[in-house]
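The values are calculated or read from the model by the stated rules, or taken from the named source; none is laboratory data. This one's a predicted model, so the numbers in the text were calculated from it and none came from an experiment. We place every Cβ from the backbone using ideal geometry, glycine too, and count neighbours over all the protein chains shown.
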Amino acid sequence: MSGLVWLFATVFLVFVMLLYFLREKDSPEFMQSYDVPQVLESYKSGEIRDLRFLPYSIFSERDWNFVQNEQSPFLHRLFLEERRAVAIHWLKERAAWVRAIRANHLQRSRYSKNLNVFAEARLLFLFFYLLGLCRCLLLIVQIANANTLRSIALHFEAMTQKLVQIHLGFSNYAPTEEKAGFRS
Amino acid sequence: MLTQFIWYTGILLEVLVLARGLQMKWLRRFPCFYSYLLFVFLKSLLLWVLFRWIPRLYAQAYWTARFAAVIIGCLVLFEIYRVALRPYPGTARMARNLLGGVIALAFAKVLVNHSYGPLWWPAKTTAELERNLRIVQAVALVAIVALIIIYAIPRDRHLKGILAGYGFYVSCSIMQLALLAHLGDSFNRLWWYLEPFSYLVVLCIWTVALWSHSEETNPSAGLAHTVMEDHNALVERTNRELENIRMGLQGMVRR
């Protein structure tokens, strides 16, 4: 009986894939979205460096402690609402960047004649992982609030770091102060 | 009466698709697919002759022809891979590795089964053997479709139709053969109608998809320069881009 369930699961997977395959648009607009996206342009222009302070501010506990000390319910509510909105916007933006980088990479790698299958598979995994991470964080921010994210995000961060160290050796690219910060 | 209607309609649709392919010279683009269709058409005629005049040979011929159809069906899958991924060597390489993995898994399963019994194939009947081969086809199909979706490979109407039709047929076959093996004779009578009906649905999909002309999708000329790009350099650059975003995500927990 369990064999039958597995078979039906396989068939269900085929149906879902075929439906997705048929529904996915193959219009000129769809292809154009794979040209170098605008978000990447802003990223390449160095804007990302200026925006890097955002996650520190959005998810930091300093402001939250300050608001709590004020003991104003209105300020408390306003702070949480605004913080949530900013966090959601920031996470959506990050997800858009990951998607843009993925699209840009896949567009080029599909033509690559010397494609390294393992490197490509690792990158595909990382794309899905980061997008999943963004979605999880979005869900958490929407259900709870940006301030309760810290402990959960620590777990994700540890997993990301582990993945990166094992598979990609990203630590070579990270600035020294970032590595030091992680160790502390 | 219903069986005869399904049978005659099926033959008619097969002739229509073959004639249209011949008329529009689409046989050159999909030689394996049209060979498969021709084989099924001739098989149907031969089985009809046997059923009518030499019924004692029918059962044996039926299962032999079905098995041959499964083998030729693998060529259809290969053709989907070839036509869809020909202009994209990178994705084609990924697909080759993925399909190689699927075949290796299937062989591993055969070897494991061999250690438990005298048969080298993991099936007691022809129906079970066909079901197992269809499962391998289904997994290969999922792998190809996943790569086409992930790499946003352009697909035209014909390719979509052939893939959707064949995928539907493989899925239906797996379900029906699994139920046949599980329920036995009680399902046999229903299967007698279900099997030709599902193939008729597939023929309808193919007739609609392969009736009108479809623009062949070619890679954009503007992207031609990327063909020569070194993949290692590309991976390194993407890693660096992702690293920036990852650090941003990590940033939320640093303070």
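Among the residues making up the stretch A:68-84, those that are surrounded by fewer than 17 Cβ atoms within 10 Å (Cβ to Cβ), in a helix (DSSP H, G or I) and free of Cβ contacts under 8 Å to residues at least 60 places away in the same chain are A:GLN68, A:ASN69, A:GLU70, A:PRO73, A:PHE74, A:LEU75, A:HIS76, A:ARG77, A:LEU78, A:GLU81, A:GLU82.
Of the residues making up the stretch A:104-147, those that are within 21 Å of B:ILE149 (Cα to Cα), assigned to a loop (DSSP other than H, G, I, E, B) and of a type outside the set (S, T, N, Q) number 4. Taking the criterion of being among the aliphatic types (A, V, I, L, M), assigned to a helix (DSSP H, G or I) and either in contact (Cβ under 8 Å) with a residue 12 or more places away in the chain or over 28 Å from A:LEU115 (Cα atoms) (or both), the residues of the stretch B:147-171 that qualify are B:LEU147, B:ILE148, B:LEU159, B:ILE162, B:LEU163, B:ALA164, B:VAL170. Taking the condition modelled with pLDDT of 85 or more, touching a Leu at 6+ places or on another chain (Cβ under 9 Å) and crowded, with 19+ Cβ neighbours inside 10 Å, does A:ALA87 pass? In short, no.
Among residues of the stretch B:42-59 that are in a helix (DSSP H, G or I), none has a Cβ under 7 angstrom from a residue that is polar (S, T, N, Q) and loosely packed, with under 12 Cβ neighbours inside 10 Å at a sequence gap of 6+ or on a separate chain. Considered as a group, the residues in the stretch B:198-212 that are surrounded by 17 or more Cβ atoms within 10 Å (Cβ to Cβ) and among the aromatic types (Phe, Trp, Tyr) include one that is farthest from A:ALA9 (Cα to Cα), and that residue is B:TRP206. Among the residues of the stretch B:115-124, are any assigned to a helix (DSSP H, G or I) and either on the phi < 0 side of the Ramachandran plot or surrounded by fewer than 18 Cβ atoms within 10 Å (Cβ to Cβ) (or both)? Looking through the stretch B:115-124, none of the residues is assigned to a helix (DSSP H, G or I) and either on the phi < 0 side of the Ramachandran plot or surrounded by fewer than 18 Cβ atoms within 10 Å (Cβ to Cβ) (or both). When only residues in the stretch A:109-136 that are among the basic types (Lys, Arg) and surrounded by fewer than 22 Cβ atoms within 10 Å (Cβ to Cβ) count, which is nearest to the other protein chains (Cβ to nearest Cβ)? Selected residue: A:LYS113. Kindly check whether there is at least one residue in the stretch B:43-63 that is surrounded by 14 or more Cβ atoms within 10 Å (Cβ to Cβ), closer than 15 Å to B:GLY165 by Cβ and out of contact with any strand residue (DSSP E or B) (no Cβ under 8 Å at 6 or more places or on another chain). Checked against the condition, which is being surrounded by 14 or more Cβ atoms within 10 Å (Cβ to Cβ), closer than 15 Å to B:GLY165 by Cβ and out of contact with any strand residue (DSSP E or B) (no Cβ under 8 Å at 6 or more places or on another chain), the stretch B:43-63 yields no hits at all. Within the stretch B:131-148, identify whether any single residue is touching a Phe, Trp or Tyr at 6+ places or on another chain (Cβ under 6 Å), surrounded by fewer than 19 Cβ atoms within 10 Å (Cβ to Cβ) and modelled with pLDDT of 90 or more, and answer yes or no. Within the stretch B:131-148 (the criterion being touching a Phe, Trp or Tyr at 6+ places or on another chain (Cβ under 6 Å), surrounded by fewer than 19 Cβ atoms within 10 Å (Cβ to Cβ) and modelled with pLDDT of 90 or more), the answer is no, since none of the residues qualifies. Answer yes or no: is there a residue in the stretch B:3-26 that is among the β-branched types (Val, Ile, Thr) and modelled with pLDDT under 90. Yes, the stretch B:3-26 contains at least one residue that is among the β-branched types (Val, Ile, Thr) and modelled with pLDDT under 90.
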